[in-house]
There are 2 protein chains.
Amino acid sequence: MSTRPEVSLAQRKRQLVANELTEAALQLLASKGFDAVTIDEIATSAGVSKRTFFRYFASKEDVVVQFLADMGTGIRAELAARAAGELPSVALRHAVSVPLDECAGHADRALRVVQLILRTPALNARFLEHQAQWRDDLTAELAHRLGLDPDTDLYPPLAAGMTLTAFDVVLRRWSDSDGGEDPAELIQRAFVVIAPALDTVVRK
Amino acid sequence: MSTRPEVSLAQRKRQLVANELTEAALQLLASKGFDAVTIDEIATSAGVSKRTFFRYFASKEDVVVQFLADMGTGIRAELAARAAGELPSVALRHAVSVPLDECAGHADRALRVVQLILRTPALNARFLEHQAQWRDDLTAELAHRLGLDPDTDLYPPLAAGMTLTAFDVVLRRWSDSDGGEDPAELIQRAFVVIAPALDTVVRK
DNA sequence: TAGCGTCTTGACACCGAGTGCCATGAACGG
DNA sequence: CCGTTCATGGCACTCGGTGTCAAGACGCTA
């Protein structure tokens with residue numbers, strides 16, 4: 001009962017290698033630029049072979065962007081957890097604040113990653129793909145929450161899109177200000193703008 | 001004075017090759033799928049070498065997506081051309097209707113291209129990148145139109161984002177319905193939803 | 001301790017995207 | 001007829017990404 005292996009030793013080893021890889025990648029990419037770093041470099045720098053790199057990540061972009069995958073489910077979960085009677089603008093604002101607060105938390109590290117992503121075209125493209133996925137998730141959750149048909153009603157996808165637009169604008173402004181502006185305050189202001197659309201009931 | 005070469009002969013030859021390339025690409029990609037077609041195939045099918053292909057297009061995606069580049073300036077130009085006193089929601093709706101009407105125009109061909117783009121991850125990613133560019137353009141134009149500071153005010157990027165969200169949602173629905181739904185009517189309905197946010201004056 | 005599956009890894013070969021370089025050939029101008 | 005320009009094709013090369021296989025590490029059992 002020394003270390004209580006609630007997860008298998010193999011699992012932890014795997015996680016260790018993954019961390020080593022992301023660490024090496026982030027360090028190299030941030031200092032030399034995305035295109036100037038080869039996967040061989042990253043792998044070697046982490047002490048594994050190129051082939052092993054691809055057993056952990058599907059592409060060069062994924063090392064940086066992979067963690068975004070979980071955020072989508074985080075947002076959706078938060079929306080699902082909000083009280084049903086809550087105004088859409090309020091529920092959605094809280095939902096999208098989850099990843100934003102996470103950024104504000106580890107401000108130093110998160111800021112550098114976000115800036116790397118937003119300033120590297122290849123990474124930015126992947127980020128946008130993830131956002132599109134989040135939008136689909138939010139759309140489904142929103143339709144379910146309001147009892148609307150996501151294939152007919154335009155409200156769910158539009159509301160999800162507006163929400164993520166707000167998220168995106170806030171993130172970019174936070175990045176451009178080098179962390180100078182407060183994400184929480186920015187998202188508040190953004191929702192003041194979009195709330196009139198989110199909270200207007202449209203009858204057909 | 002036979003053909004009145006208002007553009008040089010070399011220019012027209014270049015255009016000819018470009019057309020041949022896009023034609024070959026569209027035909028092959030649509031029938032075999034994006035990943036199953038190599039650039040060598042496309043080039044050979046158009047009667048040129050692989051090396052020449054890359055003198056016309058920067059990447060495999062570009063053959064399909066390149067025409068989107070102009071749309072951005074089209075949207076922005078339309079917005080700039082609208083009367084200054086017009087309500088933002090009206091001006092923006094007209095601006096974004098430009099590419100939509102273009103689609104509805106050549107419905108048969110456009111539909112197939114749009115479906116190819118939206119259903120191919122690599123192409124979809126490029127499409128999203130273009131949209132992001134459009135958003136920046138629209139943001140600048142909107143800020144100029146309203147006399148707002150695009151680096152301070154949140155309204156311009158949010159309004160641009162909402163507008164393009166509407167565009168995106170409409171385009172996807174049009175694609176999913178195999179052209180069954182009318183883009184003009186869809187965009188109308190979408191703007192009914194987002195207009196309350198676009199037309200609400202937010203004083204700081 | 002020997003033997004036997006399982007899982008991870010590294011090495012190698014391979015494909016396709018994308019680029020730099022250079023020789024060729026056609027069109028144009030003097 | 002000659003020299004320049006420019007588009008093209010061929011070639012070699014880098015790098016991202018994948019399939020395959022043999023070798024080791026680990027755990028289980030006799």
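The values are calculated or read from the model by the stated rules, or taken from the named source; none is laboratory data. Note that the structure is a prediction, hence the values are computed from the model and not measured. Here the Cβ is made from the backbone with ideal geometry for all residues, glycine too, and neighbour counts use every protein chain on show. Areas reflect the complete protein model, heavy atoms only, side chains present, ligands, DNA and RNA absent. Shrake-Rupley method; radii C 1.70, N 1.55, O 1.52, S 1.80 Å.
Candidates in the range B:157-204 are the residues that are at the interface with another protein chain (Cβ under 7 Å from one of its Cβ atoms) and touching a residue at least 40 places away in the same chain (Cβ under 8 Å); of these, the one that is most open to solvent (accessible area, probe 1.4 Å) is B:VAL202. Tally the residues that are under 26 Å from the mean Cα position of the chain (by Cα) and more than 9 Å from DNA strand D (Cβ to nearest atom), restricting the search to the range A:44-54. Selection size over the range A:44-54: 2. Selection of helices (runs of 4 or more DSSP H) fully inside the range B:31-85 by the criterion of at least 1 residues being of a type outside the set (Asp, Glu) and surrounded by fewer than 17 Cβ atoms within 10 Å (Cβ to Cβ) returns B:39-46, B:50-56, B:68-81. Within the range A:82-89, the presence of at least one residue that is assigned by TED's automatic domain parsing to the domain that holds A:VAL170, among the basic types (Lys, Arg) and more than 17 Å from the chain's Cα centre (by Cα) is confirmed.
Restricting attention to the range A:104-153, and to residues there that are among the polar types (S, T, N, Q) and open to solvent by 40 Å² or more (accessible area, probe 1.4 Å), which single residue is nearest to A:VAL65 (Cα to Cα)? Filtering first and then ranking leaves A:GLN133. Based on what the data block shows, is A:GLY161 in the same structural domain as A:GLY74 (by TED's automatic domain parsing), farther than 24 Å from A:ASP70 by Cβ and small (Gly, Ala, Ser)? In short, no. When you scan the range A:46-67, do you find a residue that is at pLDDT below 95, more than 15 Å from DNA strand C (Cβ to nearest atom) and either within 14 Å of chain B (Cβ to nearest Cβ) or within 17 Å of A:PHE127 (Cα to Cα) (or both), even just one? Within the range A:46-67, one or more residues are at pLDDT below 95, more than 15 Å from DNA strand C (Cβ to nearest atom) and either within 14 Å of chain B (Cβ to nearest Cβ) or within 17 Å of A:PHE127 (Cα to Cα) (or both). Contact map, the range B:46-73: first residue of a type in the set (Asp, Glu), second residue not in a loop (DSSP other than H, G, I, E, B), Cβ cut-off under 7 Å, separation 6 or more or different chains; pairs are B:GLU61/B:ALA122; B:GLU61/B:LEU123; B:GLU61/B:ARG126. Evaluating B:SER89 against the criteria (1) within 11 Å of chain A (Cβ to nearest Cβ); (2) small (Gly, Ala, Ser); (3) within 24 Å of A:TRP134 (Cα to Cα) leaves one unmet condition, (3). For the condition modelled with pLDDT under 95 and of a type outside the set (Val, Ile, Thr), what is the one hit in B:ARG173, B:ARG145, B:ARG203? Step by step, each of B:ARG173, B:ARG145, B:ARG203 is checked, and only B:ARG203 is modelled with pLDDT under 95 and of a type outside the set (Val, Ile, Thr). Checked against the criteria, B:GLN27 does not count as modelled with pLDDT under 95 and not assigned by TED's automatic domain parsing to the domain that holds B:LEU116. Please count how many residues of the range A:86-114 are part of a loop (DSSP other than H, G, I, E, B) and modelled with pLDDT of 95 or more. Within the range A:86-114, residues that are part of a loop (DSSP other than H, G, I, E, B) and modelled with pLDDT of 95 or more number 2.
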